[in-house]
Amino acid sequence: MNRSIAFLELKYGNIYGGYPNFYAISEIALLVFETGTNKIFLESWMNGAHVDIVNVYSKTNELGHTVGRAKEVINMKTKRRKPYDEEFKLDEEQLKEEFKKLRPSKLPIKNFLIKNFRKYKFRDVIVFDGRRDVFLCERSGANFMRYNVVDIQKDLNKETDYLFSLNKLAVVCNFEMDQSYLRSNNLEYWLHPIAARQIVPKSAAYDAARLMMIHNEYMFHHSDFLIKAQLVLNRIQTTK
């Protein structure tokens, strides 16, 4: 019997010049892996609202260790980037206008999630540090009550007593991708061209692909995964 597992990744940011604790979803990726056949299905959605959001990203070294964080401003519609100015603030009327532009994206987000939850038969939804991801999806109308949501970062933290980042774990599992395959230390999966085109660095789809490979190495090659994780941590300690 073929059992499917879903991997959910979001990209989001707060409105530039707006409230720091209000987040707008800019991208969603839902990757479905069929364990019996190794087939990969990938669905992605991008927000086309003409709104500037703040993108926070980590600067990492070759071991995936965070050496700094940076902020940039990106327009969700045009994809144009500009420098972040922490002094920049929108007034109340300007902020209302940005919220007005965002409002129409709520229904497409809900429809994207509901359609793909129905399209693919799965029970487990794997996330990474995904409490906010799930909350943002639920705020748009998605319902996770029927699903077993598993946060692999929490599971790993319990087992290793270390809070790994996705970047570090991609190094641990030796994540690689070319035009046709996803590869890691012990695994190799063929990609359909439609899925492969969506998996570009820094996208939600790319993170979903990394998350799947990390999860599968952790689940199917558990001892080897933990040994390699310790080796990476040892290397990080020696470089400090």
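The values are calculated or read from the model by the stated rules, or taken from the named source; none is laboratory data. Since we're looking at a predicted model, the values are computed, not measured. Cβ placement follows ideal geometry from the backbone for every residue including glycine, while neighbour counts extend to all protein chains displayed. To get the accessible areas, we keep the full protein, side chains included, count just its heavy atoms, and leave off ligands, DNA and RNA. Shrake-Rupley method; radii C 1.70, N 1.55, O 1.52, S 1.80 Å.
General remarks:
- When residue 115 is tested against the conditions (1) under 18 Å from the mean Cα position of the chain (by Cα); (2) outside any loop (DSSP other than H, G, I, E, B); (3) closer than 30 Å to residue 181 by Cβ; (4) not aliphatic (A, V, I, L, M), the lone failure is (1).
- Filtered residue count, the range 31-89, keeping only those that are among the aromatic types (Phe, Trp, Tyr), out of contact with any Asp or Glu (no Cβ under 6 Å at 6 or more places or on another chain) and modelled with pLDDT of 95 or more: 4
- For the range 121-154, the set of residues classified as farther than 23 Å from residue 13 by Cβ and assigned to a loop (DSSP other than H, G, I, E, B) consists of 121, 122, 123, 143, 145, 146, 147, listed by residue number.
- Comparison of 202, 228 shows that the only residue that is part of a loop (DSSP other than H, G, I, E, B), open to solvent by 30 Å² or more (accessible area, probe 1.4 Å) and either under 26 Å from residue 56 (Cα atoms) or of a type outside the set (S, T, N, Q) (or both) is 202.
- Residues of the range 49-65 satisfying the condition of being open to solvent by 50 Å² or more (accessible area, probe 1.4 Å) and touching a Ser or Thr at 6+ places or on another chain (Cβ under 9 Å): 50, 59, 60
- Of the residues 140, 165, the single one that is hydroxyl-bearing (Ser, Thr, Tyr), on the phi < 0 side of the Ramachandran plot and under 16 Å from the mean Cα position of the chain (by Cα) is 165.
- For residue 168, the requirement of being open to solvent by less than 50 Å² (accessible area, probe 1.4 Å), within 24 Å of residue 11 (Cα to Cα) and either part of a helix (DSSP H, G or I) or aromatic (Phe, Trp, Tyr) (or both) is met.
Residue-wise test of (1) modelled with pLDDT of 95 or more; (2) at positive phi; (3) open to solvent by less than 30 Å² (accessible area, probe 1.4 Å); (4) charged (D, E, K, R).
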position	(1), (2), (3), (4)
181	yes, no, no, no
195	no, no, yes, no
211	yes, no, yes, no
215	yes, no, yes, no
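- From the list 185, 157, the lone residue that is on the phi < 0 side of the Ramachandran plot, touching a residue at least 24 places away in the same chain (Cβ under 8 Å) and either touching a strand residue (DSSP E or B) at 6+ places or on another chain (Cβ under 8 Å) or open to solvent by 50 Å² or more (accessible area, probe 1.4 Å) (or both) is 185.
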